[in-house]
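Right, one structure below, let's go through it.
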Amino acid sequence: MMRGFLSLGSNLGDREALLREAMDRLARRHVAIVQASRIYETKPVEVDDVQGNYLNMVLRIAFEGDPFALLDVCRDVEIALGRVRTYEHAPRSMDIDILLLEGVEVNDARLRVPHPRMEYRAFVIHPLADVAPDLALPSGRMVADVRKELGKDEILTVWDR
């Protein structure tokens, strides 16, 4: 069984309901949700246009299958929840990224694991620290340490699910 972490985000529609529905749909597709972070409302980053704020969270998961099967499940859930890929960093009803998979590295046009930019994104690291503060990241640094370095500038509010 593969173990790892997924990042979920939404900045369109009923964002909180979409996060909950994504978790339900992932579970129905045999992605076991071991633990879920709190929900973080964050400013959009890496965008050139005006967008609404995101709700973000991280899931600790277990999955029976390979990384590409997990990617397919994530993409299917995104599409079922109305995701349309119009341009890079476009607003989205649902975004699901595979952050890390225990003992797995993938460098493919469709998938890169570990996620190459996660250590630079507070909207990923803060919720990841909720579920795995002592996790060593690909750089060798601990999640809790990276969280301190990134600060909270992007984060607007945090609440328990």
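Every number here is computed from the coordinates shown, using simple stated rules; none is lab data. All of these numbers come straight from a predicted model, not from anything done at the bench. Note: ideal-geometry Cβ built from the backbone for every residue, glycine included; neighbour counts use all protein chains shown.
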* **Relative pair counts by distance (%), Cα atoms of segment 2-159, 5 Å bins** => 2, 9, 20, 23, 23, 16, 7, 1
* Could you point to the residue in Asn53, Ala122, Gln35 farthest towards the positive end of the chain's charge dipole, with +1 and -1 charges on the Cβ of Lys/Arg and Asp/Glu respectively? => Gln35
* Asked: Placing +1 at every Lys and Arg Cβ and -1 at every Asp and Glu Cβ, with all other atoms neutral, what dipole size does the chain have around its Cα centre, in debye to the nearest 20?
  -> 200
* Pop out the ³J(HN,Hα) list for segment 117-132 in order, Karplus 6.51 cos²θ - 1.76 cosθ + 1.60 with θ = phi - 60°, rounded to Hz; leave Gly and Pro as x. => 10, 4, 6, 9, 10, 4, 5, 9, 5, 4, x, 4, 5, 4, 9, 7
* To do: Note down the nm distance, to one decimal, between modelled labels 7 Å out along Cα→Cβ at Lys148 and at Arg28.
  => 4.4
